[in-house]
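Engineer: Structure provided below as structure tokens; questions to follow.
The values are calculated or read from the model by the stated rules, or taken from the named source; none is laboratory data. All figures in this text were calculated on a predicted structure; none of them were measured in a lab. Every residue, glycine as well, gets a Cβ built from its backbone with ideal geometry; the counts of neighbours run over all protein chains shown.
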Amino acid sequence: MDISVITDTFDAWTDTTLGWISDNGEWLFEFIRSVLEGTYDGVLWLLQLAPFYVIAIIAALLGWRLINALSGVLAGLALVFCAVMGLWTETMSTLALVITATILALFVGIPIGIVAGFVRSFDRFLEPVLDLIQTLPPYIYLLPAIALLGYGPATALIATFIVAMPPAIRLTSLGIRMTPLEFIELGQASGLTTWQMFIKIRLPFAIPSVMAGINQSLMMAFGMVVIAGIVGSGGLGETIYSAVRTLDIATSINAAIAIVILTMVLDRLTQSAARRASGEAR
Amino acid sequence: MNTAMNDSNEVLIDCQSVWKIFGGRAQAAVKAITERGLSKTQVLQDFDCVVGVSDASLQVRRGEIFCIMGLSGSGKSTLIRLLNRLIEPSLGKITVKGKEIARLNATELRDMRARNIGMVFQSVALLPHRTVLENAAFGLEAQGVAKEERHRIARAALEKVGLADWTSRYPRELSGGMQQRVGLARAIAADPEIILMDEPFSALDPLIRRQLQDEFRQLTKSLGKSAVFITHDLEEAIRIGDRIAIMKDGVIVQVGTAEEIVTKPADDYVSDFVAGISRIHLVKAHSVMRPVAEFRNSQPNCDVNALLRASPEADIGELIDLTTQSDRDAVAVVENGTVVGVVTIRGLLRGVAGKPAG
């Protein structure tokens, strides 16, 4: 018997299953799609509420408060540069995608990470799953998503969400497990309840690690959101994708610069927020 | 109960033949110990289990500071953690305030730890993101005391350890000695009857350490607390402890007052330990004096009643002072108006050298 028969059977089975799911679960996926796109539209609406210079000023103020005055000025100018390149709308929709996907990833990832931090067996089960998610090429997540949710931002969000979640889970779980033994002893010797121990001892010590996880999730989301341009995510990813298809090198470079700017600004801001959180815990 | 409260001999902590065995086959090892009386080395060989504490029995009385002295690996840190059940005993019975702690359920145990047993750690374990005041109030916070009330009590506790001006600082701004004072304030703020001190001063420099030892003893006595104090330093144990237990390889080798341990060491291990300890303030007149009749026989010319007088509890330091002030070479020991013995220079020298009178 030829091995290829097995794989062919498997492929056929996968196709039928996916077809069956999309036929029978249409109402469900329609619902998921509208929730995702609704959230995305809401965030985007919020970001476009103010003109570009207001967003740039907010970024500058955050940079000043969290890092220093120079970084603040640079962050503000960098965002203004995105607008000057004529890519403001695209930049904001990319930002909206990243924010929505990251928030989703944190909402799911942090609680899972907390449970994994406490339940050793769950963590051991999760480890290979997360390894798998992180080693598979990120394109993979676009395919089932596009089959079920169709072309558009919802598919981009789901794929980005999947890619952004693992670091949040890993670093939250690590943070929970890292509580120094002497503080566990202090909690026990002071007669803390399990809940008090979590809130007063474990969580404060886990916060630096959780914050690092948030930063990592955000960076993963940025990576994925460009790839998601293929499925009509909108924003800079799509700009780059269509520029590549028409060999419009100038536009693709502009969009790439805008992506780099956005990534760097958000990375620095969240990193220093994380450092601030761990600085207080030191 | 009221009579018991005032009884200084009331036993607060009672350990009876407590064992702690670490390892995968601890249960089997415990069985072998109870049935066949296996020794520590046999347990290690046959079961691959380490005996942390072996057949330890001790009683801590109300108002007493009980020191447990041992080198690292002697099991003293394990033993103190058995007293508030941070570590479960493998065998034996531990009673705290008349309750067998192994029988307490989770709520009762939490309550016991929160209200009756405070603990101070070598690492201090001050929460870095909380102020000194919030740290000192931590035990009360665990008990659910309202914020204002617990801050008031914590402030009073910080005042007792001399840190009233530091309440709004963070632990990292304090020196090691001050941090350990906060640790002590945190323990006394919850007003427990028993304070467990796990090598609290080991990491401090000698001068601060002595100062804290004296403060701790004075504070514990003035508040009427009982304490179990772990140390690897015999001088610290002597300075602080009313009674001292010496531990070696998980076994309590000797329990007694500082004087008993220094003058009558139970074995070679203890006598090696006490060899370098100054006897001047430990050895008392009653253990170096000679009977009056014997003194009269050896020095018939000397009038016992004309000698300077000291109480049986006078230490060698005081006796040396008296002898140097007097023109005679002896001091009379007087109890209830009658001369019960005479301390000669020879006796003093024997005392200083750590040899019993003879």
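Engineer: Would you point out the residue of region B:323-337, among those that are within 34 Å of the chain's Cα centre (by Cα) and surrounded by 13 or more Cβ atoms within 10 Å (Cβ to Cβ), that is farthest from B:SER311 (Cα to Cα)?
Structural biologist: Among those residues, the one meeting the criterion is B:THR323.
Engineer: Another question, then. If I go through region A:19-66 residue by residue, how many of them are among the β-branched types (Val, Ile, Thr) and either closer than 17 Å to A:THR91 by Cα or touching a Cys at 6+ places or on another chain (Cβ under 8 Å) (or both)?
Structural biologist: 5
Engineer: Here's another thing I want to ask about it. Checking A:PHE10 against (1) out of contact with any Phe, Trp or Tyr (no Cβ under 6 Å at 6 or more places or on another chain); (2) over 22 Å from A:MET220 (Cα atoms); (3) touching a residue at least 12 places away in the same chain (Cβ under 8 Å): exactly one of these is not met. Which one?
Structural biologist: Among (1) out of contact with any Phe, Trp or Tyr (no Cβ under 6 Å at 6 or more places or on another chain); (2) over 22 Å from A:MET220 (Cα atoms); (3) touching a residue at least 12 places away in the same chain (Cβ under 8 Å), A:PHE10 violates only (3).
Engineer: Out of the residues in region B:120-157 meeting the condition of being in a helix (DSSP H, G or I) and within 9 Å of chain A (Cβ to nearest Cβ), tell me which one is nearest to B:ALA190 (Cα to Cα).
Structural biologist: Across region B:120-157, the extreme among qualifying residues is B:GLY139.
Engineer: Looking only at region B:77-107, count how many residues are within 13 Å of chain A (Cβ to nearest Cβ), part of a helix (DSSP H, G or I) and exposed (fewer than 14 other Cβ atoms within 10 Å of the Cβ).
Structural biologist: The total comes to 2.
Engineer: I'd like the full set of residues that are in contact (Cβ under 8 Å) with a residue 24 or more places away in the chain, facing chain A (nearest Cβ under 9 Å) and crowded, with 18+ Cβ neighbours inside 10 Å, limited to region B:108-119.
Structural biologist: Passing the criteria: B:LEU109, B:MET112, B:ARG113, B:ALA114, B:ILE117, B:GLY118, B:MET119.
Engineer: Shifting gears a bit: Of all residues in region A:48-75 being in contact with a Ser or Thr (Cβ under 8 Å, 6 or more places away or on another chain) and not polar (S, T, N, Q), which is nearest to A:LEU87 (Cα to Cα)?
Structural biologist: The extreme case among them is A:GLY63.
Engineer: I'd like to verify a number: residues in region A:180-224 that are in a helix (DSSP H, G or I), among the hydroxyl-bearing types (Ser, Thr, Tyr) and either without any contact (Cβ under 8 Å) to a residue 60 or more places away in the chain or in contact with a Lys or Arg (Cβ under 8 Å, 6 or more places away or on another chain) (or both), how many?
Structural biologist: Result for region A:180-224: 2.
Engineer: Take region A:225-282 and flag every residue that is within 14 Å of chain B (Cβ to nearest Cβ) and of a type outside the set (D, E, K, R).
Structural biologist: Within region A:225-282, A:ALA277, A:SER278, A:GLY279, A:ALA281 meet the criteria.
Engineer: How many of the residues making up region A:162-216 are of a type in the set (D, E, K, R) and away from chain B (no Cβ under 12 Å)?
Structural biologist: Qualifying residue count, region A:162-216: 2.
Engineer: Additional query: Yes or no: B:MET69 more than 9 Å from chain A (Cβ to nearest Cβ) and at pLDDT 90 or above?
Structural biologist: yes
Engineer: I need the helices (runs of 4 or more DSSP H) fully contained in region B:236-335, keeping only those with at least 2 residues that are under 19 Å from B:VAL352 (Cα atoms).
Structural biologist: In region B:236-335, the matching helices (runs of 4 or more DSSP H) lie at B:258-263, B:268-274, B:285-288, B:316-325.
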